[in-house]
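As structure tokens, the structure follows; a few thoughts come after it.
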Amino acid sequence: MDLNHAQQTEKDCMIGLYPPIRFPMVIARGEGCRVWDTEGHEYLDLLSGGRAVNILGHCHPKVVEAICIQAGVLMHTSNDFYTEPALELAKLLHDLSDGMRAFFCNSGAEANEAAIKLARKHAIMHGDESKVGIVTTFNSFHGRTFASLSATGQPKYQKGFGPMLPGFTHVPYNDLSAMEAAVSDTTAAVILEPIQGESGVYPATQEYLKGVEALCRTHNALLVLDEIQTGMGRTGTFFAYEQYGVTPDVVTLAKGIAGGVPMGAMLAREPAASSLAFPDHATTFGGSALPAAAAVATIKTIIEDGLLDYAKTMGEYLVQKLCALQQSQPLIKEIRGRGLMVGVDLTQPVAPAVKKTCCERGVLLLTVGDSILRLLPAMSVTREQIDTGITVIEETLAAV
Ligand SMILES: *Cc1c(COP(=O)(O)O)cnc(C)c1O
């Protein structure tokens, strides 16, 4: 199928929610950090198959093998039954998170939805009826379902869908005094991304996350960390929070968790974990055998292949190359990030033009607004691929 045919079919048969962000191509195939369109052009994928999902690159052999084997044995049963992949996955996550227990779902929004329900239930069980407040930050992104949308601190996504769920307060990110003013004994939970991803890659400072954790303890509120984008090793540790020395009550995962297959998870430690029990929450596909097997293969590969350290090293290499480029390229204002989650602020509103030209030159990257570039390469990205990406970005910045 060519691009014209794809665009026409979308127009006729799909709800038009994506055309403005679509790259002008129909992707046919992917392998590692490379994809090919239906016309045979090859691209270097620096956004992990779209927004941090293909954490090991496209079609990683171990994930493909696990999916193929599982598909031939057992794809799905509801939670009326035990299946081994979900239990094995829960055990892996339990060990990686120092004892958290899991609820499995199908997306990031759903994981946050579960976290918000858990926080409200926990507050009612351990406080009183007034303890329903959820504090989150401006420019956060937590998903598009009603609770996760209410948590998302970006009016552009809420516009037209009001009223939002009551009880949500937004404060500026990395501003501890604003958080202090907002958190009280009526707060059920604070929800934060350790690094704000979707709004442009803004890492929390150490003092901030530590300070928010202390505030949560003082007011008996749960610290919920949305690691849907930062988790799974992308930042160089399995969870980004490990680098901050905080202990969240709840962590949400999705995006890369199953190496490209849709899945989400909410992890909670005691006493929060015990606040949800049958029949409080459930979902038909949660922990289904096929995605769970893909997630087990993904996590085992990350650990066994030493990809946590590798992601850290490659992330440092990427930032180092960008910093070197900044010396000769005045369009680059600031470079932020941890591991393979990097944002580049430009001094001019040329990000969309950079994205377009890089794409024409065979490199795919994301933008935020008019002046931020966002790079989210897979954890399997090679030094040579980073070099290629930087060369194309360098030529593009010189040309726009
Ligand atoms: C992508 C994302 C979500 C939403 O995940 P979906 O699977 O699209 O619902 C939530 N939080 C963060 C931090 C994200 O990056």
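The values are calculated or read from the model by the stated rules, or taken from the named source; none is laboratory data. Keep in mind the model is a prediction, meaning the values are calculated, not measured. Please note: Cβ atoms are built from the backbone with ideal geometry, for glycine as well, and neighbour counts cover all protein chains shown.
Okay, residues lined up against (1) under 20 Å from the mean Cα position of the chain (by Cα); (2) modelled with pLDDT of 95 or more; (3) not hydroxyl-bearing (S, T, Y):
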| position | (1), (2), (3) |
| --- | --- |
| E88 | no, yes, yes |
| D98 | no, yes, yes |
| E110 | yes, yes, yes |
| A114 | yes, yes, yes |
| L118 | no, yes, yes |
| K121 | no, yes, yes |
| G127 | no, no, yes |
| G153 | yes, yes, yes |
| L165 | no, yes, yes |
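So in region 134-156, with the set limited to residues that are within 11 Å of the ligand (Cβ to nearest atom) and out of contact with any strand residue (DSSP E or B) (no Cβ under 8 Å at 6 or more places or on another chain), which one is nearest to T230 (Cα to Cα)?
Once the filter is applied, the top-ranked residue is G143.
Just one of the numbered conditions (1) within 16 Å of the ligand (Cβ to nearest atom); (2) in contact (Cβ under 8 Å) with a residue 60 or more places away in the chain is not true of A268; which one?
(1)
For D249, work out the one condition from (1) acidic (D, E); (2) crowded, with 24+ Cβ neighbours inside 10 Å; (3) away from the ligand (no atom under 12 Å from the Cβ); (4) within 18 Å of I303 (Cβ to Cβ) it doesn't fulfil.
(4)
Kindly indicate the residue of region 40-73 that is at pLDDT below 95 and in contact with a Leu (Cβ under 8 Å, 6 or more places away or on another chain) and also nearest to A258 (Cα to Cα) among those meeting that condition.
Step by step, filter region 40-73, then rank; the result is A52.
Each row is one residue, and each column tells you yes or no for (1) within 16 Å of the ligand (Cβ to nearest atom); (2) in a loop (DSSP other than H, G, I, E, B); (3) without any contact (Cβ under 8 Å) to a residue 12 or more places away in the chain; (4) more than 14 Å from M263 (Cβ to Cβ).
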{"residue": "M75", "(1), (2), (3), (4)": "no, yes, no, no"}
{"residue": "F81", "(1), (2), (3), (4)": "no, yes, yes, yes"}
{"residue": "A90", "(1), (2), (3), (4)": "no, no, no, no"}
{"residue": "G99", "(1), (2), (3), (4)": "no, yes, no, yes"}
{"residue": "F103", "(1), (2), (3), (4)": "yes, no, no, no"}
{"residue": "E113", "(1), (2), (3), (4)": "yes, no, no, yes"}
{"residue": "K131", "(1), (2), (3), (4)": "no, yes, no, yes"}
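Out of curiosity, is V201 crowded, with 21+ Cβ neighbours inside 10 Å, among the β-branched types (V, I, T) and without any contact (Cβ under 8 Å) to a residue 40 or more places away in the chain? If you could, list the steps in order and put the result at the bottom.
Numbers: crowded, with 21+ Cβ neighbours inside 10 Å: yes; among the β-branched types (V, I, T): yes; without any contact (Cβ under 8 Å) to a residue 40 or more places away in the chain: no.
No.
Residues are listed down the side, and each one gets a yes or a no for (1) within 21 Å of G108 (Cα to Cα); (2) modelled with pLDDT of 95 or more; (3) in contact with a helix residue (DSSP H, G or I) (Cβ under 8 Å, 6 or more places away or on another chain); (4) more than 15 Å from the ligand (Cβ to nearest atom):
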position	(1), (2), (3), (4)
T169	yes, yes, yes, yes
A178	no, yes, no, yes
T186	no, yes, no, yes
I195	yes, yes, yes, no
E207	no, yes, yes, yes
L215	no, yes, yes, yes
H219	no, yes, no, yes
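When you look at L322, is it touching a Ser or Thr at 6+ places or on another chain (Cβ under 9 Å) and among the aliphatic types (A, V, I, L, M), yes or no?
no
For D370, indicate whether it is within 25 Å of T230 (Cα to Cα), in a loop (DSSP other than H, G, I, E, B), of a type outside the set (G, A, S) and out of contact with any Ser or Thr (no Cβ under 7 Å at 6 or more places or on another chain).
So D370 fits the description; yes.
So the check is Cβ under 7 Å with 6+ separation or different chains; which pairs have a first residue in region 1-30 that's among the small types (G, A, S) and modelled with pLDDT of 95 or more and a second one that's surrounded by 13 or more Cβ atoms within 10 Å (Cβ to Cβ) and in a helix (DSSP H, G or I)?
Going by the 7 Å Cβ cut-off, the qualifying pairs are G30/G49.
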